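The values are calculated or read from the model by the stated rules, or taken from the named source; none is laboratory data. If you're wondering where the values come from, they're calculated on a predicted model, not measured in any experiment. Every residue, glycine among them, receives a Cβ derived from its backbone with ideal geometry; neighbour counts consider all protein chains shown.
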Amino acid sequence: MEHRHLNRHLKFWRLWAVMAAALVAQNVLAQGVIKGDPAKARQLVDQVCVACHAVDGNSTIPANPSLAGQHPEYTYKQLMNFKPQAGKPAERNNGVMAGMVATLSTEDMKNLAVYYAGQKPKPRAARDAALAKQGEAIYRGGVIGKNVPACAACHAPNGAGMPAQFPRLAGQHAEYTTAQLKAFRSGQRANDTAQMMRGVAAKMNDQEIAAVSEYIAGLR
Ligand code: HEC
Ligand code: HEC
(Lines give C-alpha, C1' and ligand atoms only; values in the text may rest on other atoms or scores of the structure.)
(Ligands and ions follow the chains in the order given, each with its own letter.)
Protein backbone atom coordinates (compact mmCIF):
# COMPACT_ATOMS: atom_id res chain seq x y z
CA MET A 1 0.00 0.00 0.00
CA GLU A 2 2.71 2.43 1.11
CA HIS A 3 4.79 1.38 -1.87
CA ARG A 4 1.90 1.82 -4.29
CA HIS A 5 1.30 5.29 -2.94
CA LEU A 6 4.96 6.19 -3.46
CA ASN A 7 4.83 4.86 -7.00
CA ARG A 8 1.77 6.87 -7.86
CA HIS A 9 3.40 9.91 -6.31
CA LEU A 10 6.50 9.45 -8.45
CA LYS A 11 4.38 9.00 -11.60
CA PHE A 12 2.55 12.23 -10.88
CA TRP A 13 5.78 14.19 -10.56
CA ARG A 14 7.22 12.52 -13.66
CA LEU A 15 4.27 13.86 -15.59
CA TRP A 16 4.89 17.24 -14.05
CA ALA A 17 8.54 17.05 -15.15
CA VAL A 18 7.51 16.29 -18.72
CA MET A 19 5.24 19.32 -18.75
CA ALA A 20 7.95 21.46 -17.19
CA ALA A 21 10.41 20.22 -19.80
CA ALA A 22 7.98 21.20 -22.55
CA LEU A 23 7.81 24.65 -21.00
CA VAL A 24 11.54 25.16 -21.22
CA ALA A 25 11.97 23.33 -24.54
CA GLN A 26 11.61 26.56 -26.48
CA ASN A 27 14.36 28.11 -24.41
CA VAL A 28 16.65 25.12 -24.95
CA LEU A 29 15.96 24.99 -28.67
CA ALA A 30 16.84 28.65 -28.95
CA GLN A 31 20.09 27.89 -27.15
CA GLY A 32 20.80 24.78 -29.22
CA VAL A 33 23.05 21.90 -28.34
CA ILE A 34 26.40 23.14 -27.09
CA LYS A 35 29.36 22.53 -29.33
CA GLY A 36 32.81 23.48 -28.16
CA ASP A 37 36.45 22.51 -28.33
CA PRO A 38 37.65 21.10 -24.99
CA ALA A 39 41.31 21.55 -26.00
CA LYS A 40 40.75 25.30 -26.30
CA ALA A 41 39.48 25.38 -22.69
CA ARG A 42 42.69 23.97 -21.26
CA GLN A 43 44.50 27.27 -20.76
CA LEU A 44 41.62 28.75 -18.73
CA VAL A 45 41.17 25.50 -16.79
CA ASP A 46 44.87 25.27 -15.93
CA GLN A 47 45.36 28.94 -15.09
CA VAL A 48 42.06 29.93 -13.49
CA CYS A 49 39.40 27.31 -12.72
CA VAL A 50 41.85 24.74 -11.33
CA ALA A 51 42.27 26.73 -8.12
CA CYS A 52 38.72 25.98 -6.99
CA HIS A 53 37.26 23.23 -9.18
CA ALA A 54 40.39 21.03 -9.68
CA VAL A 55 41.83 20.24 -13.08
CA ASP A 56 39.38 17.39 -13.72
CA GLY A 57 36.38 19.24 -12.28
CA ASN A 58 36.22 17.04 -9.17
CA SER A 59 36.45 19.84 -6.64
CA THR A 60 37.88 18.84 -3.27
CA ILE A 61 36.58 21.94 -1.45
CA PRO A 62 32.97 21.46 -0.24
CA ALA A 63 31.87 25.04 -1.01
CA ASN A 64 33.00 24.71 -4.63
CA PRO A 65 30.81 22.53 -6.83
CA SER A 66 32.13 19.56 -8.75
CA LEU A 67 31.70 20.18 -12.47
CA ALA A 68 32.90 16.83 -13.87
CA GLY A 69 30.37 15.03 -16.03
CA GLN A 70 27.82 17.83 -15.89
CA HIS A 71 25.70 18.33 -19.03
CA PRO A 72 27.38 21.01 -21.12
CA GLU A 73 24.10 22.88 -21.70
CA TYR A 74 23.62 23.32 -17.96
CA THR A 75 27.22 24.45 -17.35
CA TYR A 76 27.03 26.88 -20.25
CA LYS A 77 23.75 28.30 -18.95
CA GLN A 78 25.26 28.85 -15.49
CA LEU A 79 28.34 30.60 -16.87
CA MET A 80 26.07 32.86 -18.95
CA ASN A 81 23.85 33.47 -15.90
CA PHE A 82 26.81 34.59 -13.74
CA LYS A 83 27.54 37.38 -16.26
CA PRO A 84 25.36 40.44 -16.80
CA GLN A 85 23.82 40.15 -20.30
CA ALA A 86 22.76 43.02 -22.53
CA GLY A 87 22.77 45.56 -19.73
CA LYS A 88 20.64 43.36 -17.46
CA PRO A 89 21.97 42.26 -14.05
CA ALA A 90 23.35 38.73 -13.76
CA GLU A 91 20.60 36.12 -13.34
CA ARG A 92 22.71 34.15 -10.84
CA ASN A 93 24.41 36.27 -8.21
CA ASN A 94 27.78 35.13 -6.96
CA GLY A 95 30.65 37.51 -6.32
CA VAL A 96 33.38 34.95 -6.94
CA MET A 97 32.00 33.55 -10.19
CA ALA A 98 31.03 37.01 -11.45
CA GLY A 99 34.73 37.86 -11.40
CA MET A 100 35.62 34.62 -13.17
CA VAL A 101 33.25 35.04 -16.11
CA ALA A 102 33.77 38.78 -16.60
CA THR A 103 36.37 38.32 -19.31
CA LEU A 104 35.05 35.07 -20.81
CA SER A 105 33.52 35.07 -24.30
CA THR A 106 30.54 32.84 -25.13
CA GLU A 107 33.02 30.76 -27.13
CA ASP A 108 35.19 30.28 -23.99
CA MET A 109 32.08 29.29 -22.01
CA LYS A 110 31.09 26.67 -24.59
CA ASN A 111 34.61 25.24 -24.65
CA LEU A 112 34.71 25.09 -20.84
CA ALA A 113 31.25 23.47 -20.66
CA VAL A 114 32.26 20.76 -23.14
CA TYR A 115 35.59 20.24 -21.34
CA TYR A 116 33.97 19.59 -17.93
CA ALA A 117 31.24 17.42 -19.48
CA GLY A 118 34.02 15.15 -20.72
CA GLN A 119 35.65 14.73 -17.30
CA LYS A 120 34.85 11.62 -15.28
CA PRO A 121 32.97 12.34 -12.03
CA LYS A 122 34.58 10.73 -8.98
CA PRO A 123 31.99 9.06 -6.76
CA ARG A 124 31.75 10.23 -3.16
CA ALA A 125 30.27 8.50 -0.15
CA ALA A 126 27.65 9.88 2.22
CA ARG A 127 29.17 10.45 5.68
CA ASP A 128 26.01 9.99 7.75
CA ALA A 129 24.16 6.82 6.77
CA ALA A 130 21.04 7.51 8.87
CA LEU A 131 20.67 11.02 7.46
CA ALA A 132 21.23 9.74 3.91
CA LYS A 133 18.48 7.16 4.46
CA GLN A 134 16.00 9.96 5.28
CA GLY A 135 17.25 11.82 2.24
CA GLU A 136 16.70 8.82 -0.01
CA ALA A 137 12.98 8.80 0.83
CA ILE A 138 12.72 12.48 -0.16
CA TYR A 139 14.81 12.04 -3.30
CA ARG A 140 12.72 9.11 -4.53
CA GLY A 141 9.28 9.96 -3.18
CA GLY A 142 9.24 13.65 -2.25
CA VAL A 143 7.73 14.79 1.02
CA ILE A 144 4.23 13.39 1.04
CA GLY A 145 1.74 15.75 2.60
CA LYS A 146 3.91 18.82 1.93
CA ASN A 147 3.69 18.64 -1.84
CA VAL A 148 7.46 18.42 -2.27
CA PRO A 149 8.04 16.50 -5.52
CA ALA A 150 10.43 13.60 -5.91
CA CYS A 151 13.83 14.90 -7.03
CA ALA A 152 14.18 11.72 -9.10
CA ALA A 153 11.37 12.90 -11.38
CA CYS A 154 13.57 15.64 -12.87
CA HIS A 155 17.13 14.69 -11.85
CA ALA A 156 16.72 10.94 -12.62
CA PRO A 157 16.75 8.12 -10.05
CA ASN A 158 20.57 7.82 -10.24
CA GLY A 159 21.13 11.57 -10.06
CA ALA A 160 22.59 11.78 -13.57
CA GLY A 161 20.05 14.44 -14.49
CA MET A 162 18.30 14.71 -17.84
CA PRO A 163 19.94 16.72 -20.58
CA ALA A 164 19.67 19.46 -21.35
CA GLN A 165 17.75 21.30 -18.65
CA PHE A 166 17.92 19.08 -15.54
CA PRO A 167 21.44 19.05 -14.09
CA ARG A 168 23.39 16.11 -12.79
CA LEU A 169 23.45 16.07 -8.96
CA ALA A 170 25.04 12.70 -8.10
CA GLY A 171 28.23 12.89 -6.02
CA GLN A 172 27.97 16.64 -5.40
CA HIS A 173 29.33 18.02 -2.10
CA ALA A 174 26.52 18.09 0.49
CA GLU A 175 27.60 21.59 1.59
CA TYR A 176 27.20 22.98 -1.93
CA THR A 177 23.82 21.27 -2.51
CA THR A 178 22.53 22.56 0.84
CA ALA A 179 23.68 26.09 0.02
CA GLN A 180 21.92 26.01 -3.37
CA LEU A 181 18.65 24.65 -1.95
CA LYS A 182 18.65 27.39 0.70
CA ALA A 183 19.46 30.00 -1.96
CA PHE A 184 16.52 28.80 -4.08
CA ARG A 185 14.30 28.82 -0.97
CA SER A 186 15.17 32.42 -0.09
CA GLY A 187 15.05 33.49 -3.72
CA GLN A 188 18.70 34.57 -3.60
CA ARG A 189 19.20 32.15 -6.53
CA ALA A 190 16.45 32.79 -9.05
CA ASN A 191 17.84 31.60 -12.38
CA ASP A 192 15.70 28.44 -12.56
CA THR A 193 13.41 28.37 -15.57
CA ALA A 194 9.71 28.49 -14.65
CA GLN A 195 10.73 28.77 -10.94
CA MET A 196 11.02 24.98 -10.84
CA MET A 197 13.59 24.85 -8.04
CA ARG A 198 12.23 27.77 -6.05
CA GLY A 199 8.90 25.94 -6.02
CA VAL A 200 10.56 22.77 -4.71
CA ALA A 201 12.80 24.38 -2.09
CA ALA A 202 10.14 26.74 -0.73
CA LYS A 203 8.40 23.85 1.02
CA MET A 204 11.51 22.19 2.49
CA ASN A 205 12.81 22.72 6.03
CA ASP A 206 16.50 22.70 7.03
CA GLN A 207 16.35 19.08 8.18
CA GLU A 208 14.89 17.88 4.85
CA ILE A 209 17.49 19.88 2.93
CA ALA A 210 20.34 18.43 5.01
CA ALA A 211 19.03 14.87 4.51
CA VAL A 212 18.52 15.05 0.75
CA SER A 213 21.92 16.75 0.29
CA GLU A 214 23.62 13.96 2.24
CA TYR A 215 21.92 11.31 0.07
CA ILE A 216 22.88 13.10 -3.16
CA ALA A 217 26.56 13.19 -2.10
CA GLY A 218 26.65 9.39 -2.06
CA LEU A 219 24.41 8.87 -5.09
CA ARG A 220 26.03 7.24 -8.13
C1 HEC B 1 38.07 31.29 -6.31
C2 HEC B 1 37.32 30.07 -6.53
C3 HEC B 1 36.72 29.82 -7.91
C4 HEC B 1 37.33 29.89 -9.14
C5 HEC B 1 38.78 30.28 -9.45
C6 HEC B 1 36.34 29.45 -10.11
N7 HEC B 1 35.18 29.13 -9.47
FE8 HEC B 1 33.47 28.40 -10.34
N9 HEC B 1 32.52 28.43 -8.54
C10 HEC B 1 33.09 28.82 -7.35
C11 HEC B 1 32.06 28.84 -6.32
C12 HEC B 1 32.26 29.21 -4.86
C13 HEC B 1 30.85 28.45 -6.95
C14 HEC B 1 29.46 28.34 -6.30
C15 HEC B 1 28.71 29.64 -6.60
C16 HEC B 1 27.37 29.71 -5.92
O17 HEC B 1 27.28 29.40 -4.75
O18 HEC B 1 26.40 30.11 -6.60
C19 HEC B 1 31.19 28.19 -8.34
C20 HEC B 1 30.25 27.77 -9.29
C21 HEC B 1 30.57 27.46 -10.59
C22 HEC B 1 29.65 26.90 -11.56
C23 HEC B 1 28.20 26.50 -11.30
C24 HEC B 1 28.14 25.02 -11.08
C25 HEC B 1 26.78 24.46 -10.82
O26 HEC B 1 26.71 23.26 -10.53
O27 HEC B 1 25.78 25.19 -10.91
C28 HEC B 1 30.34 26.75 -12.73
C29 HEC B 1 29.79 26.19 -14.02
C30 HEC B 1 31.69 27.21 -12.49
N31 HEC B 1 31.81 27.64 -11.19
C32 HEC B 1 32.69 27.21 -13.45
C33 HEC B 1 33.95 27.80 -13.29
C34 HEC B 1 34.91 27.98 -14.35
C35 HEC B 1 34.70 27.52 -15.78
C36 HEC B 1 35.99 28.61 -13.81
C37 HEC B 1 37.25 29.08 -14.52
C38 HEC B 1 37.03 30.04 -15.59
C39 HEC B 1 35.70 28.82 -12.39
N40 HEC B 1 34.45 28.32 -12.12
C41 HEC B 1 36.57 29.39 -11.48
C42 HEC B 1 34.41 29.13 -7.14
C43 HEC B 1 35.36 29.34 -8.13
C1 HEC C 1 10.23 19.85 -11.91
C2 HEC C 1 11.61 19.50 -12.06
C3 HEC C 1 12.51 19.50 -10.85
C4 HEC C 1 12.31 18.83 -9.65
C5 HEC C 1 11.13 17.99 -9.21
C6 HEC C 1 13.52 19.05 -8.87
N7 HEC C 1 14.40 19.84 -9.57
FE8 HEC C 1 16.23 20.45 -8.97
N9 HEC C 1 16.50 21.52 -10.69
C10 HEC C 1 15.58 21.59 -11.72
C11 HEC C 1 16.08 22.49 -12.74
C12 HEC C 1 15.39 22.87 -14.04
C13 HEC C 1 17.34 22.95 -12.30
C14 HEC C 1 18.30 23.89 -13.04
C15 HEC C 1 18.09 25.34 -12.65
C16 HEC C 1 18.99 26.27 -13.43
O17 HEC C 1 18.88 26.32 -14.65
O18 HEC C 1 19.83 26.92 -12.83
C19 HEC C 1 17.57 22.32 -11.01
C20 HEC C 1 18.69 22.54 -10.22
C21 HEC C 1 18.91 21.95 -8.99
C22 HEC C 1 20.08 22.17 -8.16
C23 HEC C 1 21.26 23.07 -8.50
C24 HEC C 1 22.38 22.21 -9.06
C25 HEC C 1 23.71 22.91 -9.15
O26 HEC C 1 24.66 22.26 -9.60
O27 HEC C 1 23.81 24.08 -8.75
C28 HEC C 1 19.94 21.40 -7.04
C29 HEC C 1 20.91 21.28 -5.89
C30 HEC C 1 18.68 20.70 -7.16
N31 HEC C 1 18.08 21.05 -8.35
C32 HEC C 1 18.20 19.82 -6.20
C33 HEC C 1 16.93 19.24 -6.24
C34 HEC C 1 16.38 18.43 -5.17
C35 HEC C 1 17.12 18.07 -3.90
C36 HEC C 1 15.10 18.10 -5.54
C37 HEC C 1 14.08 17.30 -4.75
C38 HEC C 1 13.77 17.77 -3.41
C39 HEC C 1 14.87 18.69 -6.87
N40 HEC C 1 16.00 19.36 -7.25
C41 HEC C 1 13.70 18.56 -7.59
C42 HEC C 1 14.37 20.93 -11.78
C43 HEC C 1 13.81 20.15 -10.78
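Scan the stretch 83-96 for residues that are more than 11 Å from ligand 2 (Cβ to nearest atom) and either buried (at least 18 other Cβ atoms within 10 Å of the Cβ) or in the same structural domain as Asn191 (by TED's automatic domain parsing) (or both) and the total you get is 1. Annotation note: of Leu104, Leu181, Leu169, the sole residue that is in the same structural domain as Pro38 (by TED's automatic domain parsing) and within 16 Å of ligand 1 (Cβ to nearest atom) is Leu104. Listed conditions (1) in contact (Cβ under 8 Å) with a residue 12 or more places away in the chain; (2) part of a helix (DSSP H, G or I) are all met by Gln195, apart from (1).
Scanning the stretch 46-61 for residues that are more than 7 Å from ligand 1 (Cβ to nearest atom) and over 15 Å from the mean Cα position of the chain (by Cα) returns Asp46, Gln47, Val50, Ala54, Val55, Asp56, Thr60, Ile61. Does Leu112 meet the test of being within 14 Å of ligand 1 (Cβ to nearest atom) and within 16 Å of the chain's Cα centre (by Cα)? When the stated conditions are applied, Leu112 does not pass them.
Within the stretch 129-146, the set of residues being away from ligand 2 (no atom under 11 Å from the Cβ) and outside any helix (DSSP H, G or I) comprises Ile144, Gly145.
Checked against the criterion of being more than 17 Å from the chain's Cα centre (by Cα), assigned to a loop (DSSP other than H, G, I, E, B) and not small (Gly, Ala, Ser), the stretch 150-168 contains not a single residue that satisfies it.
Cβ separations smaller than 6 Å between residues 6+ apart or across chains give the following pairs from the stretch 104-119 residues that are within 16 Å of ligand 2 (Cβ to nearest atom) to residues that are of a type in the set (Asp, Glu): Gln119/Asp56.
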